[in-house]
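The values are calculated or read from the model by the stated rules, or taken from the named source; none is laboratory data. Source: prediction; values computed, not measured. With ideal geometry, Cβ positions are generated from the backbone for all residues, glycine too; neighbour counts draw on all protein chains shown. All accessible areas refer to the heavy atoms of the entire protein, side chains included, with ligands and DNA or RNA removed. Shrake-Rupley method; radii C 1.70, N 1.55, O 1.52, S 1.80 Å.
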Amino acid sequence: MKQCTHADALPHPEPEPLDRTCPECLRTGTHPIQLRLCLTCGHVGCCDSSPGRHATEHHETSGHPVMRTFEPGEDWRWCFVDHVLV
């Protein structure tokens, strides 16, 4: 089973969210489907089901490897680099 090689390097405690919603969606006037929180810097971005795919775009531009869901009642993390749930 493949494992995440980045989880041990994440800051503790995790960063505070920089926004309550996806700021890129607000700027472009689109609606985020679901939100994701970058566990390196606290950036909030929309998921890949949203038109902008801003969480993935943030990973691609920043290199930050792991995000977690920012949806109420959900508790999971994803490593973009290793393509596994953390």
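Structure summary
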{"item": "Residue that is of a type outside the set (Ser, Thr, Tyr), at negative phi and in contact (Cβ under 8 Å) with a residue 40 or more places away in the chain, where the choices are Val81, Val44", "result": "Val81"}
{"item": "Residues that are open to solvent by 20 Å² or more (accessible area, probe 1.4 Å) and part of a helix (DSSP H, G or I), drawn from segment 16-48", "result": "Pro23, Glu24, Leu26, Arg27, Thr28"}
{"item": "Count - residues of segment 49-86 that are open to solvent by 50 Å² or more (accessible area, probe 1.4 Å) and part of a strand (DSSP E or B)", "result": "4"}
{"item": "Pairs with Cβ under 7 Å, 6+ apart, first in segment 18-39 and within 10 Å of Phe70 (Cβ to Cβ) and touching a residue at least 12 places away in the same chain (Cβ under 8 Å), second polar (S, T, N, Q) and part of a loop (DSSP other than H, G, I, E, B)", "result": "Pro32/Thr21; Pro32/Ser50; Gln34/Ser49; Leu35/Thr21"}
